[in-house]
Amino acid sequence: MNELTKAEENIMQVLWKLKKGFLKDIVEALPDPKPAYPTVSTVIRVMVKKKFVGHNTYGKINEYYPLIKKEDYFKNHFKGMVSNFFDNSWQGFATFFSNSDLTVDELQAIKAEIDKELKKKNG
């Protein structure tokens, strides 16, 4: 799966939230300062070519919608991050967080989620 540029990711965040929208809807939903319509249109056309975005055409107007779920993109992107930054070591990733500025409560909440997942997988 291709990665999104920062501009593409911003637009995908809007499309995931809207579910579908016309160019004007997408531009209106972007944070200020809003990019120009032609800029957003160009980025969306690239995303259509990358198969991240689909569209329905009504005359000369396109309605855009995401072709990939947010969760699927995040999982793939996250795996790449673990591979690139932690030598594909999930243990290294976990160690990074345990050595970070997380509070004891935050670490315990993460541990509780891991324990819950271990329980499910162990039957």
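Qualifying trypsin sites (Lys or Arg not before Pro) in the range 9-106, where qualification requires a DSSP coil assignment and no more than 16 other C-beta atoms within 10 Å, comprise 19, 20, 50, 51, 60, 69.
For 101, 115, 25, what ranking results if the residue with the fewest other Cβ atoms within 10 Å of its Cβ goes first?
On the way: 101 6, 115 10, 25 14.
In order of increasing Cβ crowding within 10 Å: 101, 115, 25.
Normalised Debye scattering of the range 6-66 at q = 0.13, 0.29 Å⁻¹ gives log10 I(q)/I(0) of -0.27, -1.49, counting only Cα atoms as equal scatterers and leaving out solvent.
Which order, highest average first, do 32-39, 4-11 follow once you tally other Cβ atoms within 10 Å for each residue and take the mean per peptide? Working shown, then result.
Numbers: 32-39: 9.9, 4-11: 16.2.
Ranked by mean Cβ neighbours within 10 Å, highest first: 4-11, 32-39.
Summed over qualifying helices (DSSP H, 4 residues or more, each -39500 (n - 2.57)) and divided by its residue number, the chain shows a 222 nm mean residue ellipticity of -20000 deg cm²/dmol. Among the listed pairs 20/75; 70/116; 51/111; 34/116; 49/75, which are separated by more than 32 Å between their Cα atoms? As for pairs spanning more than 32 Å Cα to Cα, those are 51/111; 34/116. Between residue 42 and residue 94, the modelled labels are 4.6 nm apart [label points 7 Å from Cα along Cα→Cβ]. Relative to the longest principal axis of the Cα atoms of the chain, the long axis of helix 6-18 makes an angle of roughly 80 degrees.
For the chain, what is the Kirkwood hydrodynamic radius in Å, using each pair of distinct C-alpha atoms?
Working: mean 1/r = 0.0584 Å⁻¹.
One over the average 1/r among Cα pairs gives 17.1 Å for the chain.
Here each label is just a point 7 Å from Cα along the line to Cβ, and for residue 108 and residue 60 those points are 6.3 nm apart. Against the main long axis of the alpha-carbon atoms of the chain, helix 37-49 sits at an angle near 60°. What angle, in degrees between 0 and 90 and rounded to the nearest 10, separates the Cα long axis of helix 70-86 from the longest principal axis of the Cα atoms of the chain? Roughly 50 degrees between the two axes.
We did not get these values from a lab; they are worked out from the coordinates using the rules stated. Bear in mind the structure is a predicted one, so any value in this text is a computation, not a measurement. Note: ideal-geometry Cβ built from the backbone for every residue, glycine included; neighbour counts use all protein chains shown.
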